[in-house]
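Here the structure comes first, spelled out in structure tokens, and everything after it is commentary.
The values are calculated or read from the model by the stated rules, or taken from the named source; none is laboratory data. Because the structure is predicted, anything quoted here is derived from the model rather than measured. Cβ coordinates were reconstructed from backbone atoms using ideal geometry, including for glycine residues, and neighbour counts include every protein chain displayed.
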Amino acid sequence: MRICMANQYEQLDWNALKAFLTAAREGSFSKAAKHIGVTQPTLSRQIYNLESALNVTLFERLSTGLVLTDAGQHLLEFTAPMGMAAQQVSLAVSGLSSDLEGEVSLSVSEIDALFRLPAITAFLREHAPTIRLTIHVNNSISDLKRRDADIAIRSFQPTELDLIARRLVDEPIWFYGLPDTVARYGSPAQPKDLGAVEIIGFEREGDLLRRLHALGWPLTEQHFPIVTPFQGLQWELVKKGLGLGLFPQTIGDKEPSFVRAFEHFGAPITVPLWLVTHRELHTNPRIRKVFDLITQWFQEYD
């Protein structure tokens, strides 16, 4: 179905189109509402009004989520460039601000949130008390272009040309456990001599195993009897003696009940930590202040 945008132009508003774009991208009204910052009934009403104005159905509501109709697909072709343009305008306007009073959002992983962010937050509040912080904790990658956050701490260097990144530190990642846990696995001469080691991790297969295999660690799914994506739970399970966990050196070494396992092999993995922001946002003094203060904290305290 072809939609005549010109005839209904005056009946459309950007909030409804933004609701449609976000729902199409997220595949769920509830997720879209959360992303925009409105209630689900509000977002549903905006999309209903848009459908009424255009006299079409834009989504099929299935138990598994939303599916765009043919009309929805066609509308997306018109509105996707508008969404991208709006993002660029938002970034550019944010970059023009000269005010040190306001909000800055920061995206971090769970392990950093638990063990670094309390000290980082206290440091930021001490040196920039007029800046309000919003901290998003998620192990998935935040989309800085979509304004999921202003700044992100990441374990990889971004490749997008319009992102600015500063290398904070190269983190050795070690296996940690209680002394009794580590002792029962002995002291094998080489990684290939490892026996029935039990590791608490994110997954039983994937990038971690591939990286360890490449370094000569012959681990399999059988070595991961417990997996969970929640790093705080991994930490507590290791403290219960239920296996070994992989944690950054500056965090694991500070836990008095932990010791490094297989230290004579060297650190299994070294991960670079990057501080990332958008090119436009780096001209915003609030964001630049927080960006520079986080860098300073890592230089002085981590």
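Observations, loosely collected:
- Qualifying positions in the range 211-238 - surrounded by fewer than 18 Cβ atoms within 10 Å (Cβ to Cβ) and among the hydrophobic types (A, V, I, L, M, F, W, C): Ala214, Leu215, Ile226, Val227, Phe230, Leu233, Leu237
- Extreme residue, surrounded by the fewest Cβ atoms within 10 Å (Cβ to Cβ), among residues of the range 152-171 that are not hydrophobic (A, V, I, L, M, F, W, C) and not in a loop (DSSP other than H, G, I, E, B): Asp170
- Within the range 253-265, being within 23 Å of Gly195 (Cα to Cα) and either assigned to a strand (DSSP E or B) or under 25 Å from the mean Cα position of the chain (by Cα) (or both) holds for Val259, Arg260.
- The single residue among Ile173, Ile141 that is touching a Leu at 6+ places or on another chain (Cβ under 6 Å) and under 15 Å from Ile111 (Cα atoms) turns out to be Ile173.
- Of the helices (runs of 4 or more DSSP H) that lie entirely inside the range 172-249, those containing 3 or more residues that are of a type outside the set (A, V, I, L, M) and at pLDDT below 95 span 207-214.
- Between Glu203, Glu171, Glu160, the distinction of being in contact with a Pro (Cβ under 9 Å, 6 or more places away or on another chain), under 30 Å from Trp297 (Cβ atoms) and not small (Gly, Ala, Ser) belongs to Glu171 only.
- Residue in the range 266-302 that is nearest to Leu208 (Cα to Cα), counting only those that are in a loop (DSSP other than H, G, I, E, B) and not aliphatic (A, V, I, L, M): Pro268
- Counting only strands (runs of 3 or more DSSP E) that fall entirely inside the range 1-109 and contain at least 2 residues that are among the β-branched types (Val, Ile, Thr), buried (at least 18 other Cβ atoms within 10 Å of the Cβ) and modelled with pLDDT of 85 or more, the qualifying elements are 102-108.
- Residue within the range 183-200 that is within 24 Å of Ile251 (Cα to Cα) and basic (Lys, Arg) present: yes
- Condition check for Asp207: charged (D, E, K, R), surrounded by fewer than 12 Cβ atoms within 10 Å (Cβ to Cβ) and in contact with a Leu (Cβ under 9 Å, 6 or more places away or on another chain): no
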